[in-house]
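See structure below.
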Amino acid sequence: MSGLLTTSVGSFPKPPELQAARNKMLRGELGRDELEQMEREATAFWIKSQEELGIDILVDGEMDRGDMVTYFSELLDGFTISGLVRSYGNRYYRKPIAVGPIGRKNPMTLKTWEYAQSLTDKPVKGLLTGPYTIAEWSFNEYYSTFEEFVMEVAKVVHDEAMDLERAGAKYIQIDEPAASTRPEEMELVAKSMAVVTKGLSAYTLTHICYGDFEAVIDDLNSIPVDNLDMETANQDYSLLELFRGHKSDKHLSLGVTDVHTHEIESLEQVKAGIRKGLEIFTPEQLFIGPDCGLKTRTTDESIAKLKVMVQAVNEIKAEMGIS
């Protein structure tokens with residue numbers, strides 16, 4: 001594997017007409033086929049944009065998803081969906097409720113992944129939400145313990161991951177943003193991820209953001225994935241210092257553009273961030289991407305942040321003699 005591969009976390013901004021179309025469908029004013037065609041067009045736009053920017057590992061942009069937990073819960077047996085609950089700031093989601101045994105009717109992400117992969121010769125990541133986050137961000141009215149709930153969700157996420165691998169996915173990302181919010185449950189995070197990744201030969205990643213990383217740094221290496229995808233630019237790379245002295249054979253996806261600001265980072269800012277990562281990790285261990293999903297930015301902002309990221313990587317690789 002070559003060093004300093006570029007990628008994105010998963011989500012990109014949706015065109016306003018797509019969100020309007022989704023609302024129309026919910027009101028019965030638009031057919032599902034029409035909405036899916038618009039989602040495919042938006043997916044094609046983002047695949048083409050990433051290719052033109054020269055990104056190494058692509059994402060489909062999640063044009064067919066709203067909230068990262070509700071999306072999966074709506075497609076699984078055993079869940080019903082409640083009213084709106086605030087997640088942070090002015091962002092709300094419809095919170096799932098486990099009311100019966102969790103089961104999977106059909107593949108949930110395969111169709112979109114196959115379409116996105118058909119548009120490019122570059123690898124497209126399979127994108128899943130992890131079992132701990134799905135359970136933690138849901139109400140449980142069925143399982144006797146939270147751990148039982150998490151482990152049952154892990155089984156269906158595993159089945160989805162296996163379907164993606166059989167279809168040809170070389171990279172599968174299982175996002176666990178809730179993993180660092182409860183340090184006392186990191187053992188459960190690792191245990192459930194072991195179920196998800198068991199038997200996979202694909203390269204696996206998990207995106208973790210927010211939370212108390214100082215409290216969980218010793219536990220991160222126990223999560224059975226190849227790559228930890230972390231939010232670092234927003235914290236002025238202070239998180240990297242936690243990894244100093246905690247070296248392992250895991251790879252790190254280093255966030256070098258802050259998705260929480262409209263400001264576009266300068267080339268020198270991004271290069272400085274990459275150099276900080278290289279003080280601790282080898283080039284082969286580092287992937288370079290944004291801090292988190294870019295869905296909260298505008299299309300122009302997202303492309304600009306990705307463009308400076310790729311330019312910074314290319315210049316650092318040239319300086320280091322990496323092809």
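Can you confirm whether region 275-289 contains a residue that is at negative phi, assigned to a strand (DSSP E or B) and free of Cβ contacts under 8 Å to residues at least 40 places away in the same chain? Reasoning before the result, please.
From region 275-289, those at negative phi are 275-289; that's our starting set.
From the residues that got through so far, the ones that are assigned to a strand (DSSP E or B) too are 286-289.
Within this subset, residues satisfying the condition of being free of Cβ contacts under 8 Å to residues at least 40 places away in the same chain are none.
No, because not a single residue in region 275-289 is at negative phi, assigned to a strand (DSSP E or B) and free of Cβ contacts under 8 Å to residues at least 40 places away in the same chain.
Among ALA194, ALA190, ALA116, ALA178, which is in contact with a Ser or Thr (Cβ under 7 Å, 6 or more places away or on another chain), more than 15 Å from LEU76 (Cα to Cα) and surrounded by fewer than 20 Cβ atoms within 10 Å (Cβ to Cβ)? First the steps, then the outcome.
Working: ALA194 fails: in contact with a Ser or Thr (Cβ under 7 Å, 6 or more places away or on another chain); ALA116 fails: surrounded by fewer than 20 Cβ atoms within 10 Å (Cβ to Cβ); ALA178 fails: surrounded by fewer than 20 Cβ atoms within 10 Å (Cβ to Cβ).
Just one listed residue meets the conditions, ALA190.
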Go through region 260-276 and count every residue that is small (Gly, Ala, Ser) and either at pLDDT below 95 or farther than 18 Å from SER238 by Cβ (or both). 1
Condition met for LEU254 (buried (at least 22 other Cβ atoms within 10 Å of the Cβ), in contact (Cβ under 8 Å) with a residue 60 or more places away in the chain and in contact with a strand residue (DSSP E or B) (Cβ under 9 Å, 6 or more places away or on another chain)): no
Members of region 280-303 found to be surrounded by 15 or more Cβ atoms within 10 Å (Cβ to Cβ) and more than 24 Å from ASP175 (Cβ to Cβ), listed by number: PRO283
Can you name the residue in region 235-259 that is out of contact with any helix residue (DSSP H, G or I) (no Cβ under 7 Å at 6 or more places or on another chain) and assigned to a loop (DSSP other than H, G, I, E, B) and is also modelled with the highest pLDDT among such residues? VAL259
Which one of the conditions (1) closer than 29 Å to ARG65 by Cβ; (2) touching an Asp or Glu at 6+ places or on another chain (Cβ under 8 Å); (3) modelled with pLDDT of 95 or more does THR298 fail to meet, given that it meets all the rest? (2)
In region 197-216, which residue that is crowded, with 17+ Cβ neighbours inside 10 Å and part of a helix (DSSP H, G or I) is modelled with the highest pLDDT? THR197
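Would you mind finding the one in ALA44, ALA21 that is over 20 Å from THR120 (Cβ atoms) and buried (at least 16 other Cβ atoms within 10 Å of the Cβ)?
Values: ALA44 fails: over 20 Å from THR120 (Cβ atoms).
Just one listed residue meets the conditions, ALA21.
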Residues of region 166-196 being within 19 Å of ASP229 (Cα to Cα), of a type in the set (Gly, Ala, Ser) and either outside any helix (DSSP H, G or I) or free of Cβ contacts under 8 Å to residues at least 40 places away in the same chain (or both), in sequence order, are ALA169, ALA178, ALA179, SER180, ALA190, ALA194
Odd one out for TYR93, checked against (1) at pLDDT 95 or above; (2) assigned to a strand (DSSP E or B): (1)
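From the list LEU205, LEU220, LEU200, pick out the single residue that is of a type outside the set (S, T, N, Q) and in contact (Cβ under 8 Å) with a residue 60 or more places away in the chain.
Details: LEU220 fails: in contact (Cβ under 8 Å) with a residue 60 or more places away in the chain; LEU200 fails: in contact (Cβ under 8 Å) with a residue 60 or more places away in the chain.
Checking each option against the conditions leaves just LEU205.
The values are calculated or read from the model by the stated rules, or taken from the named source; none is laboratory data. Every value quoted in this text rests on a predicted model; they were computed, and no experiment measured them. Reconstructed Cβ throughout: ideal geometry from the backbone, glycine too, with neighbour counts over all protein chains shown.
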